[in-house]
Amino acid sequence: MTKRFTYVIEHMEEDEPDSAPSSLPQWVLLEYKHMLSFAGEGSTVIFNHLSRSSCSALDSALSEGINAQTKVSDYPSRKSVASHQSSSLTLEELMKSHNIGKERICLLDPKSPIELSPNDGDGIFDWFLFGGILGDDPPRDRTGELRTMGFPTRHLGPVQMTTDTALGVTKMVVKDDVPLNSIPYIDRPTIQFSSNES
């Protein structure tokens, strides 16, 4: 049986006003594009709580390409990319529209006492909920806004990840059945740009 999950990104970045020509920063578009690749075929990624102009900008970017250098067609295989939905609904409205109760939704929360495990993908949860933010260091606990809603929670370890990385790790655990302690990480990598820059 193929496991099919929905990953919900509760957009928590400040958008530009609906009247702005581009309401999502380039880095957000790129991070959200990566999520479709990481989630993979058969999955759905819902980008939720966006402004109407952000929904339009995101749909356009994901269907036509983010910019001249980075296009959706640059994915390794177009059919290996998850489907997506953009929504301006509140989280409660989204849940109601999909007829899903909070007990079937796992909030990925760094403060959860329970580690995400492959068993969580075996019929316990259908949706995995992320606070769609790149993340601050030190963290500002913006997930706390979602925590108050009473979802079951799991954590991905002690190090805060970008949201696209957190989605990719979640997929590896719940869909590919890889335990968290078997995933190799490089924490705080240094990227060398030149002999003088890193």
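Here the gap between V159 and R188, fully extended at 0.36 nm per residue and compared with their Cα-Cα distance, gives a gain of 9.5 nm. For the cross-link pairs K33/K96; K102/K175; K111/K171; K33/K111; K96/K175; K3/K111, the ones whose C-alpha atoms lie over 22 Å apart are K33/K96; K33/K111; K96/K175; K3/K111. Note on surface exposure: L129, L156 rank L156, L129 by accessible area, highest first, 1.4 Å probe.
Arranged from highest to lowest average of other beta-carbon atoms within 10 Å per residue, in what order do the peptides 176-189, 85-98, 25-38 appear?
The densest-packed peptide leads the list: 25-38, 85-98, 176-189.
What ranking do 115-126, 52-63 get when scored by the average of other Cβ atoms within 10 Å per residue, highest first?
52-63, 115-126
The values are calculated or read from the model by the stated rules, or taken from the named source; none is laboratory data. None of these values were measured; they are calculated from a predicted model. Here Cβ is always computed from backbone atoms with ideal geometry, including for glycine, and neighbour counts include all displayed protein chains. With ligands, DNA and RNA removed, areas are computed over all heavy atoms of the protein, side chains included. Shrake-Rupley method; radii C 1.70, N 1.55, O 1.52, S 1.80 Å.
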